[in-house]
1. Just to check your reading of the model, which residue among Arg22, Arg5, Arg51, Arg55 is of a type in the set (D, E, K, R) and part of a helix (DSSP H, G or I)?
2. Given the conditions (1) in a loop (DSSP other than H, G, I, E, B); (2) farther than 27 Å from Ala167 by Cβ, report the number of the one that Leu68 does not fulfil.
3. Looking at this structure, is Ser85 more than 16 Å from the ligand (Cβ to nearest atom) and surrounded by fewer than 22 Cβ atoms within 10 Å (Cβ to Cβ)?
4. Mind listing just one residue for me: the one in the stretch 113-162 that is under 22 Å from Leu324 (Cβ atoms) and aliphatic (A, V, I, L, M) and, of those, nearest to the ligand (Cβ to nearest atom)?
5. Can you go through Ala424, Ala434 and tell me which one is under 19 Å from Cys330 (Cβ atoms), of a type in the set (Gly, Ala, Ser) and more than 26 Å from the chain's Cα centre (by Cα)?
6. It is to be established whether one or more residues within the stretch 45-56 are under 30 Å from Ser348 (Cβ atoms), touching a residue at least 24 places away in the same chain (Cβ under 8 Å) and either surrounded by 14 or more Cβ atoms within 10 Å (Cβ to Cβ) or of a type outside the set (Lys, Arg) (or both).
7. Find the residue count for the stretch 314-333, including only residues that are of a type in the set (S, T, N, Q) and over 30 Å from Ala196 (Cα atoms).
Amino acid sequence: MSEQRQHELANLLAIDGGMPVRSKPLPWELPGAHWIGEEEMELVGQVIRARSPFRFYGPDPQRMVDTLEREWGARFGHRHVLGVSSGTAALSIALSGLGIGPGDEVAVPGYLWVSCVSAVVRSGAIPLLVDIDETFCIDPEDLARRISPNTRAVMYVHMSGAAGRVAEVAGICRGRSLKLIEDCAQAAGASSGGRAVGRFGDVATFSFQLNKNITSGDGGMLATEDDNLFRRLVALHDLGYPRNAAGRLDTSDADCQLWGVGARMSELAGAMVLAQMRKIGQITGAMRGAKWRIRDALKDVKGLAFRNVPDPAGDTGPFLLTILPDAETCTRFVAALQAEGIQGPPGSLACITMRDWGLHWYFNIPSLTERRSNSHDGFPWTHPANLFARNYDYHRGALPRCDDLHDRSALLSIASTLDDRDVADIITAFRKVARVVIA
Ligand SMILES: Cc1ncc(COP(=O)(O)O)c(C=O)c1O
């Protein structure tokens, strides 16, 4: 083939028959999973060798969950930390810990994860949708406008690895006497203005599910500064009661006789999260470094905008969110990138339009739009204390900015093991595709 023809083919988009930028898939997203190694095996092995996988008692407890809670608190500056079985359980426990239930309304963003709204509905409260801004997190101005006399709490969700305008939201909550729950599931290790996420509100939740910055397959965490709330969280995450020094349930305290959800963290999960937590700076540092190299290299590309990250130093970097001029361009942009080889192995969701991001968008959650109930009586929608919300509409159209960003933005996962070649290929592909696709 002549040199000129080769040049033409390299410039022609792969989607139009040209030569792709790369043929090898990008690594899987799953940030923490790539870093599982000897350290995890050693600590998990210790638990297995001691035959003591339960945190509260056993033949020879290794105190993995205790150590994790202590080190996590010291590292991120939380007074109280509690390991639990998942991020979804953590959210439910947080809401119950704050005493939220029927008659209450909890503000949630329209870009979230189904767990956020599910925890609110299962608590008996009503979700109040709030619009997002270009941080892809709650827009403080929209929140201030939508707060009603029934609003009791705000669930601020640190989406896609970075904090948005959380300090402003915390200020609104303080001014309006609202409780603030920070869902940090997607942003463990992130900060804003030098303050770790989870330290702006009353209670914070984390997840260690496989897609998160660090992982034990499944697992979660709660953090709070409040001594009384912590006592309730401890009882609620277990069987409704605190435990004594021997690790046995203690029913004697009338102030702490509750209904627990059985969501304790096992020592196996604790051992894994402990090993992963000790690597969190390396994992997030790798993603942040790669992501911002890509963003910086693309900042002169006309028509390409990125998510607003108010504090890039506190970003953990697992996702590059790109905002295109319109939905049609966005579809073609992502298809063209995929054809250039900017995609992960089969089964990964490394390079997609936000329209393919499922239950992260409020109107894609049928149990919300159709007001489904787990019980035969339609609870909580039919509860007399919730009649204030009978005309709330959760279908598309409720949040104009959220709908617009859903339509015309794209998501690229930034794996925690991208090498220089991967980063260079991503930059080349973005520039090549943008030149043709963005008018
Ligand atoms: C924002 C958010 N909240 C909560 C959760 C729930 O976490 P888990 O899967 O550990 O229950 C997730 C992830 O799954 C999430 O992304």
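The values are calculated or read from the model by the stated rules, or taken from the named source; none is laboratory data. What you are looking at is a predicted structure, and each value in this text was computed from that prediction instead of being measured. Every residue, glycine as well, gets a Cβ built from its backbone with ideal geometry; the counts of neighbours run over all protein chains shown.
1. Arg5
2. (1)
3. It is false that Ser85 is more than 16 Å from the ligand (Cβ to nearest atom) and surrounded by fewer than 22 Cβ atoms within 10 Å (Cβ to Cβ).
4. Among residues in the stretch 113-162 that are under 22 Å from Leu324 (Cβ atoms) and aliphatic (A, V, I, L, M), the one nearest to the ligand (Cβ to nearest atom) is Met159.
5. Ala434
6. No, the stretch 45-56 contains no residue that is under 30 Å from Ser348 (Cβ atoms), touching a residue at least 24 places away in the same chain (Cβ under 8 Å) and either surrounded by 14 or more Cβ atoms within 10 Å (Cβ to Cβ) or of a type outside the set (Lys, Arg) (or both).
7. Residues flagged as of a type in the set (S, T, N, Q) and over 30 Å from Ala196 (Cα atoms) within the stretch 314-333 amount to 2.
Here is a yes/no grid of residues against (1) farther than 20 Å from Gln343 by Cα; (2) touching a residue at least 40 places away in the same chain (Cβ under 8 Å):
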{"position": "Asn374", "(1), (2)": "yes, yes"}
{"position": "His395", "(1), (2)": "yes, no"}
{"position": "Ala398", "(1), (2)": "yes, yes"}
{"position": "Ala415", "(1), (2)": "no, yes"}
{"position": "Asp419", "(1), (2)": "no, no"}
{"position": "Ala434", "(1), (2)": "no, yes"}
